[in-house]
Amino acid sequence: MKGNIEVRLTLNGEPRCAQADSRQLLVEVIRDALDAKGTRIGCLTGDCGACTVLIDGEVRKSCLVLAASIDGIEVRTIEGLEGIEALQEAFIAENGFQCGFCTSGMIVAAADLLKNNPSPSPEEIRRAISGNLCRCTGYESIVEAIHRAAQGSV
Ligand code: FES
Ligand code: FES
């Protein structure tokens, strides 16, 4: 898409700028213009959570943010999340993914949960990932993985 605006943002701690069309979505700018492909595109309607990132420290769906509104924001994607090794290992240990399409969004949401609540209950884990859909796992293994990472029993 031809860019008609220049956007400046901080992506994973680095100042970046990109040409974008003002109707483009943040997830498209992240993936296409800034080449951070860890963030997935699923529905583009705010339903699946595949595009989940942190914006100014808050969990957000990057398909619901227009390029025209991203100037000056701070975005952290799966590539720039620190301290997620335990979560990654727990997802592997608990078979918390199959196709993996939802996984980066799940881990962004889970990492934010554990940062704010290091010992979440299963209900709190389910609530934290309630905006993230998985078509493969049935969720039990994902909840178990996040619980395992929280307990440090990886
Ligand atoms: S691609 Fe953003 S919520 Fe589905
Ligand atoms: S592992 Fe396939 S959608 Fe979640």
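With r as the distance between the Cβ atoms of Thr45 and Glu79 and R0 = 22 Å, compute the FRET efficiency 1/(1 + (r/R0)^6) and round to 0.05.
0.35
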Checklist line | DSSP beta bridges in the chain [antiparallel fraction, %, rounded to 5] | finding: 90
Notebook entry, point to check: Taking 0.36 nm per intervening residue step and subtracting the Cα-Cα distance, what contour gain separates Asn117 from Cys136 on full extension?
Noted result: 4.2 nm
Check: Across the range 142-150, in residue order, what do the Karplus-derived ³J(HN,Hα) couplings come to in whole Hz, using 6.51 cos²θ - 1.76 cosθ + 1.60 with θ = phi - 60° and x for Gly and Pro?
Finding: 5, 4, 4, 5, 5, 5, 5, 5, 5
Note to self: Given a 1.4 angstrom probe, I'd like the percentage of the accessible area of the range 85-151 that is carbon and sulfur, rounded to a whole number.
What the structure shows: 49
Next item on the list: With a probe of 1.4 Å, find how much accessible area the chain has per residue, and write the answer as a whole number in Å².
Entry: 51
Next item on the list: Report the extension gain between Asn95 and Ser69 in nm, rounded to one decimal, defined as 0.36 nm multiplied by the number of residues separating them, less their alpha carbon distance.
Entry: 5.6 nm
Margin query: With θ taken as phi - 60° and the coefficients 6.51, -1.76 and 1.60, list the Karplus ³J(HN,Hα) couplings across the range 94-110 in order, rounded to whole Hz; mark glycine and proline as x.
Written below: 9, 6, x, 8, 10, 6, x, 5, 8, 5, 5, x, 4, 6, 4, 5, 5
Notebook entry, point to check: Taking only C-alpha pairs under 8 Å that are 6+ residues apart, what is the relative contact order of the chain in percent?
Noted result: 23
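The values are calculated or read from the model by the stated rules, or taken from the named source; none is laboratory data. Note that the coordinates shown come from a computational prediction; the quantities given were computed from them, not determined experimentally. Cβ: placed from backbone, ideal geometry, glycine included. Neighbour counts: every protein chain shown. Surface areas here come from the heavy atoms of the whole protein model, side chains and all, with no ligands, DNA or RNA. Shrake-Rupley method; radii C 1.70, N 1.55, O 1.52, S 1.80 Å.
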